[in-house]
Amino acid sequence: MQARCATPTDLGACGGDGEDSDYRPATAGVTLLLMRGEVRGWWPDPNRDAPPVDGGEIRATRFLRCDSGLGVNYAFASLFHHSWGYAAAEVDELLRQAAAELDAGRFAGPLIDNARFQQTRSGPRYDIDAVDWFLGQFPHRLGRADRAGPGIDPWRDLAVAQLTQSKPSGPGMQPKPGNDFLRSECETACRDFSQQPGTHLLYTRNAWSGVCKLRTAEQQPIASIKGASLSGGPVRTTVSLGGRTFTNKSPKIPARRTADAWPPGIADLAASSWRDSAGHFAAETMSSGRQRLVARTVRGFTDETGTLILYSHAGNFYRRAYARITFPDQRWLRFLVRGTSRKNAVMTAVDQAGNKVARYRDTRLLPTGTVAITVHPDRQLTDELVLAVAISAPWLVSYFANPHWGGGG
């Protein structure tokens with residue numbers, strides 16, 4: 001299979017076993033609208049005729065609780081908000097207030113747009129990635145694609161983030177425990193993974209040479225990766241595909257210079273990754289020191305001519321999913337994970353408009369394991385997309401890596 005050069009619409013315009021964490025229900029219904037990039041916009045999109053969100057469905061939503069006693073190295077965790085979460089009571093209160101506004105016939109957008117949550121690493125707290133995804137992307141499933149007829153996205157109902165909707169099985173009955181319900185959903189998703197439509201690929205790593213291969217379902221190699229980084233860290237990586245070679249390079253970040261003296265665009269990349277890490281609704285503000293720390297995770301991939309193809313920055317690590325790939329035209333991908341352990345986890349690449357691009361499943365449960373990948377059926381395997389898939393494949397395993405105990409969960 002021959003990859004081709006990308007066009008601007010190819011990515012941006014297409015419609016070890018660890019402890020399981022606990023879940024708590026969100027307690028109110030709320031009408032939410034699209035979040036794009038770093039700007040939260042809660043006003044109705046005239047191009048979408050989305051109906052109101054069903055309150056019962058929202059009340060059944062349960063977010064991942066990240067206070068279940070995983071082995072936490074707090075000195076490390078404080079750097080990138082690992083083990084931190086949004087204060088559960090504050091998230092619940094926002095949803096209660098928003099529901100009251102809607103019940104009174106008022107628009108809840110400004111209330112949600114101005115919401116800020118405290119981050120905490122003690123007490124009840126919700127997974128930051130799950131809350132951000134829910135508040136920012138939930139409305140996509142309520143737009144035009146939900147109407148009956150041809151052209152419905154076959155991936156529209158595939159879950160992405162660490163949340164579930166456990167509805168009562170009968171009148172007067174309580175929802176099932178969120179953790180049990182999510183585990184069952186994730187196990188089903190893994191069993192059905194190979195049945196979803198799309199282009200099926202396989203990512204494998206040779207334990208002796210360390211060389212990784214990306215192959216088609218027919219075992220035809222389409223990319224070779226040397227120096228693949230498990231977490232997106234400072235590793236020299238070379239990717240060969242379609243007769244081309246791509247290498248990564250770290251920008252120079254002076255130790256005592258302000259962000260305006262950094263290479264062009266790096267400060268913005270660092271700011272977006274920091275916001276993904278801290279949370280899009282976090283009350284915390286970014287310090288220059290933390291921006292510099294995140295900037296040092298940026299890697300630019302260029303071809304033989306020195307043309308920039310994409311940036312990778314931050315990483316999926318310690319049960320937080322804030323790895324990003326950003327393209328020169330400002331399109332980007334994030335890699336969200338849903339699963340209670342590596343055994344039942346699926347990672348989904350989503351673009352800046354909330355569209356699902358590719359899904360990943362770890363099929364061997366070893367550090368050198370095989371990752372099964374399915375690319376959305378509407379996406380063509382351009383060089384750009386193949387490169388993005390190849391360098392991101394290890395990030396599902398790294399999501400469960402623990403800096404205290406080592407290895408993946």
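The values are calculated or read from the model by the stated rules, or taken from the named source; none is laboratory data. What you see is a predicted model, and the numbers here were worked out from it, not measured in a lab. Backbone-built Cβ (ideal geometry, glycine too); neighbour counts: all protein chains shown.
So which of Thr305, Thr245 ends up being under 25 Å from Pro221 (Cα atoms) and either in a loop (DSSP other than H, G, I, E, B) or modelled with pLDDT under 95 (or both)?
Unique residue meeting the criteria: Thr305.
Out of region 214-227, which residues are under 26 Å from the mean Cα position of the chain (by Cα) and within 15 Å of Thr245 (Cβ to Cβ)?
Correct list: Leu214, Ile222, Ala223, Ser224, Ile225, Lys226, Gly227.
Might you let me know whether region 318-327 holds any residue that is out of contact with any Ser or Thr (no Cβ under 9 Å at 6 or more places or on another chain) and either not in a helix (DSSP H, G or I) or not assigned by TED's automatic domain parsing to the domain that holds Ala259 (or both)?
yes
Could you please find all residues in region 199-217 being farther than 9 Å from Ile373 by Cα and assigned to a strand (DSSP E or B)?
Passing the criteria: Thr204, Arg205, Cys212, Lys213, Leu214, Arg215, Thr216.
Considering only region 52-129, give the helices (runs of 4 or more DSSP H) lying wholly within it that have at least 2 residues that are modelled with pLDDT of 80 or more and of a type outside the set (A, V, I, L, M, F, W, C).
The helices (runs of 4 or more DSSP H) meeting that bar are 88-103.
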